[in-house]
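The values are calculated or read from the model by the stated rules, or taken from the named source; none is laboratory data. Quantities reported herein were computed from a predicted structural model and do not represent experimental measurements. So basically every Cβ, Gly included, is an ideal-geometry build from the backbone, and we count neighbours across all protein chains shown. Just so you know, the surface numbers come from the protein's heavy atoms only, side chains and all, with ligands and any DNA or RNA stripped out. Shrake-Rupley method; radii C 1.70, N 1.55, O 1.52, S 1.80 Å.
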Amino acid sequence: MSNVCEICGKKKAQGARIIRRGLAKKKGGIGMHVVKVSPRTFEPNIQSVRVVENGSVVRKKVCVACIRSGKVQKAG
């Protein structure tokens, strides 16, 4: 099963790691220059949680943001 929240649909996001070189202008240099840009992914914080749903207990993969905001009611 994929790493996706079953409540809000949060999933992987694409991004980049930027590597810069040089001395910043405010420190007396000529500025920072981008040397390399490498791709990276931002993973959601997905937890497997026992949730009360329609009176029964089910196990779901839910992101921590949904657990904290109270979108799911934890069993237990």
Number of the exception - ARG17 against (1) farther than 12 Å from CYS5 by Cα; (2) at pLDDT 95 or above; (3) within 24 Å of the chain's Cα centre (by Cα); (4) surrounded by 10 or more Cβ atoms within 10 Å (Cβ to Cβ): (4)
Could we say that VAL35 is of a type outside the set (D, E, K, R), in contact (Cβ under 8 Å) with a residue 12 or more places away in the chain and surrounded by 11 or more Cβ atoms within 10 Å (Cβ to Cβ) here? no
Would you pick out the residues in the range 2-31 that are of a type in the set (A, V, I, L, M) and either touching a Leu at 6+ places or on another chain (Cβ under 8 Å) or closer than 30 Å to GLY76 by Cβ (or both)? VAL4, ILE7, ILE30
Checked against (1) in contact with a Pro (Cβ under 7 Å, 6 or more places away or on another chain); (2) in a strand (DSSP E or B), VAL52 satisfies every condition except (1)
So for the range 36-49 (the condition being modelled with pLDDT under 95, farther than 25 Å from GLN14 by Cβ and outside any loop (DSSP other than H, G, I, E, B)), does at least one residue qualify? no
Given (1) part of a loop (DSSP other than H, G, I, E, B); (2) open to solvent by less than 90 Å² (accessible area, probe 1.4 Å), where does VAL62 come up short, assuming only one miss? (1)
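Kindly check whether there is at least one residue in the range 20-29 that is in contact (Cβ under 8 Å) with a residue 12 or more places away in the chain, open to solvent by 70 Å² or more (accessible area, probe 1.4 Å) and in a strand (DSSP E or B).
As a first pass, look at the range 20-29 and keep what is in contact (Cβ under 8 Å) with a residue 12 or more places away in the chain: 20-21.
Checking the rest, the ones that are also open to solvent by 70 Å² or more (accessible area, probe 1.4 Å) come to 20-21.
Next, only the ones that are in a strand (DSSP E or B) stay: 20-21.
Yes, because at least one residue in the range 20-29 is in contact (Cβ under 8 Å) with a residue 12 or more places away in the chain, open to solvent by 70 Å² or more (accessible area, probe 1.4 Å) and in a strand (DSSP E or B).
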